[in-house]
Amino acid sequence: IQRGKSFRIPTNDKGKAVIDAVNAAIHLRRPLLLTGTPGSGKTSLAYAIAHELQLGPVLAWPITARSNLIDAEYRYDAIARLQDAQLDKTRESSGSPEEGDLGDYIQLGPVGTAFLPSLLPRILLIDEIDKSDLNLPNDLLNLFEEGEFEIPELVRRKRRSQDADDPDATVMVRTADKEMEAPITNGRIRCCEFPIVIMTSNGERDFPPAFY
């Protein structure tokens, strides 16, 4: 909140151009790519938008050379699930060691949380995307076009379960918001309002034409 309050946009033509770009991105439901030198306020702009429009905490995804889209969408802790199945004799004796609790081992990342259906869009900050692997910008294209993605572990669970014909098979999973869970139906996450995606770049490299 404090970061959003303290951010100021210049009142000159450059400042007006930034405001117009933000409004256009929101209206067109398209990501906004900000390029500039470090410390120029690119990251703070995302917090200012969240504060101005009262859209809740910013969902930040800081990019490194090892960042990949799947981890930002969700993480599945298969090792913890296996350990719990081995220790929990009650669950093992029931003949169904994995049904019902699968959501306990899945947590949505900042991207996955941003694409949850909600009344108002969330702010997703993809910070310093120019540090990413060469394939990451292209991987984002399909998500931005479709506004949805699948969690394969939940899709497989539904197919194996007795409720495979149930159109509303729902699992609760953790999100990137602290102490908050969300229902996932049939293993698919589909946004209602496209998130306001702010991507920052220090201009260290160019991106594929399709990404632009």
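The values are calculated or read from the model by the stated rules, or taken from the named source; none is laboratory data. Here the structure is a predicted model, which means the values were calculated and not measured. Here the Cβ positions follow ideal geometry from the backbone for every residue, glycine too, while neighbour counts run over all protein chains shown. Accessible surface areas use protein heavy atoms only, side chains included; no ligands, DNA or RNA. Shrake-Rupley method; radii C 1.70, N 1.55, O 1.52, S 1.80 Å.
In table form, for the structure just shown:
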item	result
Options (1) 58; (2) 62; (3) 54 - which one matches percent of Cα pairs over 20 Å apart as calculated here	(2)
Rough spin-label spacing in nm, given labels placed 7 Å along Cα→Cβ, for E181 and N12	5.3
Distance from the stretch 193-210 to the stretch 107-157 (C-alpha centre basis), Å	13
Amide H within-cut-off set for F115, under 5 Å, with H built and near neighbours excluded	none
HN-Hα J in Hz across the stretch 142-155 - Karplus 6.51, -1.76, 1.60, θ = phi - 60°, x for Gly and Pro	5, 4, 5, 6, 8, x, 7, 7, 10, 9, x, 4, 6, 5
Cβ-placed point charges (K, R +1; D, E -1), dipole of the chain about Cα centre in debye, nearest 20	720
FRET efficiency estimate (nearest 0.05) - Cβ-Cβ, D101 to R66, R0 41 angstrom	0.85
Projected-area mean, the stretch 31-72, by convex hull of Cα positions, square nanometres	4.0
Area of E181 that stays accessible when all protein chains are in place (1.4 Å probe, Å², to 10)	110
Accessible surface, the stretch 103-212, averaged per residue in Å² (probe 1.4 Å)	52
Within the chain, helix-based [θ] at 222 nm, where runs of 4 or more DSSP H residues each add -39,500 (n - 2.57), nearest 500	-10000 deg cm²/dmol
Highest to lowest packing among 172-180, 56-64, scored as the average C-beta count within 10 Å	56-64, 172-180
Which of Y74, S6, P31, positive extreme of dipole for the chain (C-beta unit charges)	S6
